[in-house]
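Okay, structure first, notes after.
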Amino acid sequence: MGENVILMSDVKKTYIMGEEKVHALRGVSFSVRQGEFLSIMGPSGSGKSTCMNMIGCLDRPTSGIVKIGGKETAKMTEKELAVLRNKTIGFVFQQYHLLPSMTVLENVMMPLRYQGIEKNLRRDMALDALSKVSLGDRVNHLPNELSGGQKQRVAIARATVTRPSIILADEPTGALDSKTGRAVMELFGEINAAGTTIVIVTHDPRIGDSTRRCIRIFDGQIQSDTENPDADLSLAFSEDSVDSRIVEIHPKPIVKEKPKNPVIGIDLDSLPDYAEF
C-alpha cells in the first residue's frame, strides 16, 4: 500500500438548526492508504453521508482536519476544492446522475472537458473507459435506452476516465438486482487491482462483509474499524449471503444543508439542456 490519500483527524461537524445543534460527526479519525478498498457502513442518520461529503470535498468540518491527497480541505477556496474533486476523486452514485439529453459517450467525456482536455483526446479517453466496462457498443445510446446495470457502468466509466486516485461510491448497488450488483462489485475490484483507492459508503452489511476493510459508524462516531484480508467481493451478492437490509436502529434523524451537486465538482443545474462535448 502507498501513502495516505485520505486523512481525517478528530473531525467534528455540527449543523445549526434554529436554536438546536445537530452533531453529525463527533470526533471521527481514520486514514486510508493509496490502493485500499474499504467500505464505510452505518444506518440512516449515522453520519456516514456526512463523512462521505468530507472525503468528497463537498463540505468542511466544524473542527478537526480533513486531508485529501495531502491537501487540507478547510484551507482551500471553493475553486480549489472543485479542482481537487475533478482531478482526485471519481464519484459513483445509486441514481447514476447521468445527463438524459447526452449520449453515453458525451456523459463520460464531460469531466474531461472541465479539465481542459481537447475534444479529440477526451473522446479517445472516454471510448477507452467505456471499453473497459464493456460498453463500447453503447456509446451513442441515451441513458433512457440502458438498463440499470448499464447506467451504473457508464457512471463508473465517467468516474474513472479522469484517472483519479480515489473512487467514492455512494450505495452503488442499491438500485440493482443481485446479479448486476455482483458484477458491479467485481468491476470495482478490477479497478482497485490497478491501484485506485475505492471507498464505498453503504448501509448494506453484505458489502461491508465483502470488503477488505470496513469502518462502521453510528451516532457520528466510529464503532469499529476492522480488516478482513480474505474478503471476497464476488460473495457480496451470493445466494448464501445475508439479505440486504437496513439495520433496525433508528437514531435521531439529521437534517443537513444540501451540498453542492457532487458529480465531478460542478453544478449540473447550471448546464444547458445540451452542451457540445
Whole-Hz ³J(HN,Hα) for each residue in region 231-236, computed from phi via Karplus 6.51 cos²θ - 1.76 cosθ + 1.60 with θ = phi - 60°, x for glycine and proline: what do you get? 4, 10, 4, 5, 8, 4
When ranked by the protection proxy of mean other Cβ atoms within 10 Å per residue, highest first, what sequence do the peptides 210-220, 176-186 form? 210-220, 176-186
Skip the ligands, DNA and RNA, and give the accessible area per residue of region 78-186 with a 1.4 Å probe, whole Å². 43 Å²
Pseudo-spin-label distance residue 65 to residue 177, built 7 Å along Cα→Cβ, given in nm, is 4.9 nm
Amide H contacts under 5 Å for residue 25, restricted to residues at least 5 apart in sequence or on another chain and with H modeled in the peptide plane, are 13
Just to be sure I understand: of the beta bridges DSSP finds with both ends in the chain, what percent are antiparallel, rounded to 5? 55 percent
Please give the FRET efficiency for residue 230 paired with residue 21, using the beta carbon to beta carbon distance and R0 = 45 Å, rounded to the nearest 0.05. 0.60
Peptides 113-124, 132-143: what's the order by average Cβ count within 10 Å, highest mean first? 132-143, 113-124
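Over all directions, the average projected area of the alpha-carbon convex hull for the chain comes to how many nm²? It would help to have the intermediate numbers written out before the result.
Working: hull surface 58.3 nm².
The directionally averaged projection comes out at 14.6 nm².
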Add -39500 (n - 2.57) for each DSSP H run of 4 or more in the chain, then divide by its residues: what number comes out at 222 nm, to the nearest 500 deg cm²/dmol? -8500 deg cm²/dmol
Rounded to whole Hz, the Karplus (6.51, -1.76, 1.60) HN-Hα couplings of region 34-49, x for glycine and proline: 4, x, 6, 10, 9, 10, 10, 10, x, x, 4, x, 7, x, 5, 5
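The values are calculated or read from the model by the stated rules, or taken from the named source; none is laboratory data. Keep in mind that this is a model prediction, so the values were computed, not measured. Note that each Cβ is placed from the backbone with ideal geometry, even for glycine, and that neighbours are counted across all protein chains shown. Surface areas here come from the heavy atoms of the whole protein model, side chains and all, with no ligands, DNA or RNA. Shrake-Rupley method; radii C 1.70, N 1.55, O 1.52, S 1.80 Å.
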